[in-house]
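J.: Quick one: the structure is below, and I'll ask about it shortly.
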C-alpha cells in the first residue's frame, strides 16, 4: 500500500495474488480508499513483481512524483503471525475456510474482480462467533453488521459464515494478523 503524503491521491495497493483474470499482478492496482475494481497499474509498479526485500514503483503520480513524500506499508506471510492470501468464495452460508496457521485477531478482505468494499473484522469488537461487526476502509460509514457478512474466527484460520458479496461470492485478496503471534516469542 502506498500513499502520497503531500497530495490527496488514493492509497494504491498491489497484491501478489493479482486481480482475477487480469494478467500479471504488476500490471494492476486498486485503491484502498475506494471500492473500485482493479485499474491498469503498469505505471504504478513499473511492470515488476516485488522481491523479498524491494519493490518497484513506476511513474504514476500516486506512487512517484518528484519532491513529494510517500509512505508504503508492505506485508508478507510470516508463519504464526501474518497470512496474506487469496480465496474464492462459494456463495454458501457454510462458506469458504481460509487456513492461516494461527487464531486471527484481524482480517481484511477485498473482492479482486469486483467493486466490493474493503471489509475489516476483528476479535475485539466482535468477541464471539460469528464476528459480524465490520468497518470498511473505503468509506467513512459507521460500524455495521450487514446481513450475511459473518466470519468465524477459528484456532487456525477463519471461515465465511455468510453469503454477502463482500466476503463470499467472488475471488478475494485477504490479510490476517494473529491474535497471539508466537513465532519469535520466548518461553519462560
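The values are calculated or read from the model by the stated rules, or taken from the named source; none is laboratory data. Note that the coordinates shown come from a computational prediction; the quantities given were computed from them, not determined experimentally. Glycine also receives a Cβ, built like all others from the backbone with ideal geometry; neighbour counts cover every protein chain displayed.
J.: Quick one: would you say residue 85 is assigned to a loop (DSSP other than H, G, I, E, B) and either closer than 23 Å to residue 166 by Cα or assigned by TED's automatic domain parsing to the domain that holds residue 2 (or both)?
T.: no
J.: Then there is this: Could you give me the residue pairs with C-beta distances under 8 Å whose first residue belongs to segment 39-55 and is at positive phi, whose second residue is in a loop (DSSP other than H, G, I, E, B) and surrounded by 13 or more Cβ atoms within 10 Å (Cβ to Cβ) wherever it lies, and which are 6+ apart or on separate chains?
T.: From residues that are at positive phi, the pairs are 46/56; 46/57; 46/58; 47/24; 47/58.
J.: Another one. Taking into account only those residues within segment 163-188 that are at pLDDT 90 or above and assigned to a loop (DSSP other than H, G, I, E, B), which is farthest from residue 115 (Cα to Cα)?
T.: By that ranking, first place goes to 179.
J.: Also, quick follow-up: Can you tell me which of 105, 93 is assigned to a loop (DSSP other than H, G, I, E, B) and touching a strand residue (DSSP E or B) at 6+ places or on another chain (Cβ under 9 Å)?
T.: Result of the check over 105, 93: 93.
J.: So residue 69 fits all but one of (1) in the same structural domain as residue 173 (by TED's automatic domain parsing); (2) modelled with pLDDT of 90 or more; (3) out of contact with any strand residue (DSSP E or B) (no Cβ under 7 Å at 6 or more places or on another chain); what number is the exception?
T.: It fails just one condition, (1).
J.: Conditions first: (1) surrounded by 17 or more Cβ atoms within 10 Å (Cβ to Cβ); (2) modelled with pLDDT of 85 or more; (3) not in a loop (DSSP other than H, G, I, E, B). Residue 116 passes all but one, so which condition is the exception?
T.: Every listed condition holds for residue 116 apart from (3).
J.: Also, quick follow-up: Taking the conditions exactly as written (closer than 27 Å to residue 3 by Cβ, surrounded by 19 or more Cβ atoms within 10 Å (Cβ to Cβ), at pLDDT 90 or above and not assigned by TED's automatic domain parsing to the domain that holds residue 28), does residue 142 satisfy them or not?
T.: Answer is no for this residue.
J.: Let me ask something additional. For segment 37-50, check the following and say yes or no: at least one residue is touching a strand residue (DSSP E or B) at 6+ places or on another chain (Cβ under 6 Å), modelled with pLDDT of 90 or more, surrounded by 15 or more Cβ atoms within 10 Å (Cβ to Cβ) and assigned to a loop (DSSP other than H, G, I, E, B).
T.: Checked segment 37-50: no residue is touching a strand residue (DSSP E or B) at 6+ places or on another chain (Cβ under 6 Å), modelled with pLDDT of 90 or more, surrounded by 15 or more Cβ atoms within 10 Å (Cβ to Cβ) and assigned to a loop (DSSP other than H, G, I, E, B).
J.: Could I ask something else about it? Check 109, 100, 59 and return the single one that is within 18 Å of residue 38 (Cα to Cα) and assigned by TED's automatic domain parsing to the domain that holds residue 165.
T.: On the way: 100 fails: within 18 Å of residue 38 (Cα to Cα); 59 fails: assigned by TED's automatic domain parsing to the domain that holds residue 165.
Exactly one of 109, 100, 59 is within 18 Å of residue 38 (Cα to Cα) and assigned by TED's automatic domain parsing to the domain that holds residue 165, namely 109.
J.: Ok, one more. Looking at segment 6-25, can you tell me whether even one residue there is touching a helix residue (DSSP H, G or I) at 6+ places or on another chain (Cβ under 9 Å), more than 29 Å from residue 132 (Cα to Cα) and surrounded by 17 or more Cβ atoms within 10 Å (Cβ to Cβ)?
T.: Scanning segment 6-25, I find at least one residue that is touching a helix residue (DSSP H, G or I) at 6+ places or on another chain (Cβ under 9 Å), more than 29 Å from residue 132 (Cα to Cα) and surrounded by 17 or more Cβ atoms within 10 Å (Cβ to Cβ), so the answer is yes.
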